[in-house]
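Working notes, structure below.
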Amino acid sequence: MAKRILIDCDPGLDDALALLLAHGDPALDLVGVTTVGGNVGLTAVTKNALELREYLGFPKVPIAVGAAAPLVRESINAARVHGERGLGDIVLPAATLGVTGSHAADLIIDTIRAAPGAIHLVATGPLTNIAIALEKDPAIARMVASFVIMGGSFTRGNATPAAEFNIHADPEAARIVFAADWQVVMVGLDLTLQAQANGRVIERMKQLGALADDLIVPLATFYFDPKDPDRDGQAVHDVCAVAYVARPDLFASRPARVEIETTGEFTAGMTVVDFDSGEPNALVPIELDVAGFWAYVEHVYGLVAAKHRQG
Ligand code: RIB
Ligand code: CA
């Protein structure tokens, strides 16, 4: 039976590639999408999610809008990375279908409660919606099949030297999320920077036809277009979180105690990862089977591309 997955996201170049994977893998059943302000503002990320839903062909999947800003801090964004509209230079056909009336946190709660033990909850943006849902209904932490985030790092950050963007955007939300009664699978930068779409990956993707030309390749090369086939390319951070749900065998992971720095002048949003002591609250993927990852991702994208060609 397919694994049911709800994705809370801020599309976002790699969020879009993650939605494509979740939609395309027959072993996954995308049952909901919620949006959170992050890479770009809430209106833009929601517009992107709505347009991707129709362009890729999952019109029945509900999309609910969540938090525009972090719990207590001022919003930050990553428009310099993802472009002002959030999907690079890509312009998709306008959506004809709208969002559900509920808040993202309510769609998350209702979806989990309607199928206790069955929903794989994945967050690929700031954790504000997840924190709001936990504050409203703490019991959902014990009712998910798994909870996987793209976020954090046990070495360096990318938003600051200490903090990865999704955690840095809302450290207070992340602290609530990591303190809840569940295991957080923290797919951090140490893992996701192993999943870089280098020249060889891009060349293989280009064989997939129109979907690659119009969406996949532009998403995967917007801020880093590899000229050298073996040089690194853009990291598909969020794709790794969805891939973990479908193919955990591609990841080697270690349990850890993860604490979130919320008061540091230079370290706010740092994930302090202790592999050696303390009660583990997280599972941290350390190593990726890179060849296996790309074989899986390219296979699924090929399935979607074939259907896209058929119109
Ligand atoms: O640090 C990478 C993360 O920040 C990804 O989720 C990317 O989409 C951005 O949100
Ligand atoms: Ca993201």
With the structure loaded, tell me whether Ile108 is within 16 Å of ligand 1 (Cβ to nearest atom), buried (at least 18 other Cβ atoms within 10 Å of the Cβ), among the β-branched types (Val, Ile, Thr) and at pLDDT 95 or above or whether it fails that test. no
Of everything in segment 153-203, what is aliphatic (A, V, I, L, M), in contact (Cβ under 8 Å) with a residue 60 or more places away in the chain, assigned to a helix (DSSP H, G or I) and in contact with a strand residue (DSSP E or B) (Cβ under 7 Å, 6 or more places away or on another chain)? Give them in sequence order. Ile167, Ala174, Leu191
Qualifying residue in segment 171-194 (condition: more than 16 Å from ligand 2 (Cβ to nearest atom) and under 30 Å from Pro229 (Cβ atoms)): yes
Among the numbered conditions (1) assigned to a loop (DSSP other than H, G, I, E, B); (2) in contact with a helix residue (DSSP H, G or I) (Cβ under 8 Å, 6 or more places away or on another chain); (3) modelled with pLDDT under 95, tell me where Gly278 comes up short. (2)
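Can you name the strands (runs of 3 or more DSSP E) wholly within segment 1-109 that have at least 3 residues being within 14 Å of ligand 2 (Cβ to nearest atom)?
3-9, 28-35
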Does Gly264 satisfy the condition of being among the small types (Gly, Ala, Ser), part of a loop (DSSP other than H, G, I, E, B) and either in contact with a Lys or Arg (Cβ under 7 Å, 6 or more places away or on another chain) or buried (at least 16 other Cβ atoms within 10 Å of the Cβ) (or both)? no
State whether one or more residues within segment 24-32 are out of contact with any strand residue (DSSP E or B) (no Cβ under 7 Å at 6 or more places or on another chain) and either within 16 Å of ligand 1 (Cβ to nearest atom) or of a type in the set (D, E, K, R) (or both). yes
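The values are calculated or read from the model by the stated rules, or taken from the named source; none is laboratory data. Worth saying up front: this structure is predicted, and the values here are computed from it rather than measured. For neighbour counting, all protein chains shown are included, and Cβ atoms are generated from backbone atoms with ideal geometry for every residue, glycine included.
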